[in-house]
């Protein structure tokens, strides 16, 4: 699609590859669009049965590119990633992720909406939203407590601490851990195996699994998104972003 997102198709599996390794695959507007178009492309091709997402370089995804976010025209009423979230939520074909290195922010919240998630042994995860003066997004304030319970979700969101692949597996956020060297190969084999299953039965099973909570999720996400935009423009977030770029600790004592 472009240099930041790559596609390939093999054995009924559509590969969407995050390809911005020099920036740790931090997502830009271009990448959001590329992922959305990739999913749409896979959904419309009857020969494709499974969608597989992973990253090039040393990590899966470092979240949103903060510089790209700073340059957005928030007064336009548009939000980056809106079409991308819609494509993921309405996708009928299973979406699988292979996560290595680390996943931060939206790099983790997207995983909560996928169907299967596998990680490399040394992978680490983080929800840094509160620390950046933001709120979690992409339905994660519903999906994470649903998966792991309220208290554990609150702890991960409130403190924003790193957690390991082993902890993520124990909590049910990921399915299985592979060695980092074999991760992409092993998950590709799993995806190709799944692509050999009866396609209609597979899609209908996914639909039934997700049906009971999709209406709740679709009601919550606009509220999350609106608050995320408000927080992104807030003095707290602006201080957090300045501190990030200036490589210093943010100062929140003047806020109440």
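The values are calculated or read from the model by the stated rules, or taken from the named source; none is laboratory data. Owing to the predicted nature of the structure, the values given are computational and were not obtained by experimental measurement. Don't worry about glycine lacking a Cβ; one is built from the backbone with ideal geometry, like all the others, and counts go over all protein chains shown.
Numbers for the structure displayed
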{"quantity": "Subset of region 226-238 [under 18 Å from residue 144 (Cβ atoms) and over 18 Å from the mean Cα position of the chain (by Cα)]", "calculated": "227, 231"}
{"quantity": "Test: residue 176 is closer than 24 Å to residue 117 by Cα, exposed (fewer than 15 other Cβ atoms within 10 Å of the Cβ) and at pLDDT 90 or above", "calculated": "yes"}
{"quantity": "Residues within region 101-117 that are closer than 17 Å to residue 28 by Cβ and part of a loop (DSSP other than H, G, I, E, B), tallied", "calculated": "2"}
{"quantity": "Per-region count, region 118-149, residues part of a strand (DSSP E or B) and either modelled with pLDDT under 95 or within 20 Å of residue 225 (Cβ to Cβ) (or both)", "calculated": "0"}
{"quantity": "Residue within region 232-245 that is without any contact (Cβ under 8 Å) to a residue 40 or more places away in the chain, in a helix (DSSP H, G or I) and within 30 Å of residue 45 (Cα to Cα) present", "calculated": "no"}
{"quantity": "Some residue of region 84-92 being at pLDDT 95 or above and either part of a strand (DSSP E or B) or buried (at least 23 other Cβ atoms within 10 Å of the Cβ) (or both)", "calculated": "no"}
{"quantity": "Check on residue 157, more than 23 Å from residue 55 (Cα to Cα) and without any contact (Cβ under 8 Å) to a residue 40 or more places away in the chain", "calculated": "yes"}
{"quantity": "Among residues of region 196-207, those that are assigned to a helix (DSSP H, G or I) and exposed (fewer than 13 other Cβ atoms within 10 Å of the Cβ), counted", "calculated": "4"}
{"quantity": "The one condition in (1) surrounded by 16 or more Cβ atoms within 10 Å (Cβ to Cβ); (2) without any contact (Cβ under 8 Å) to a residue 40 or more places away in the chain; (3) closer than 27 Å to residue 66 by Cβ; (4) more than 16 Å from the chain's Cα centre (by Cα) that residue 171 fails to fulfil", "calculated": "(3)"}
{"quantity": "Qualifying residue in region 208-217 (condition: more than 27 Å from residue 83 (Cα to Cα), in contact with a helix residue (DSSP H, G or I) (Cβ under 9 Å, 6 or more places away or on another chain) and either outside any loop (DSSP other than H, G, I, E, B) or in contact (Cβ under 8 Å) with a residue 60 or more places away in the chain (or both))", "calculated": "no"}
{"quantity": "Test for residue 161: is it at pLDDT 95 or above, surrounded by fewer than 21 Cβ atoms within 10 Å (Cβ to Cβ) and farther than 23 Å from residue 244 by Cα", "calculated": "no"}
{"quantity": "Residue identified as exposed (fewer than 14 other Cβ atoms within 10 Å of the Cβ), more than 30 Å from residue 14 (Cβ to Cβ), more than 18 Å from the chain's Cα centre (by Cα) and modelled with pLDDT under 95 among 215, 223", "calculated": "223"}
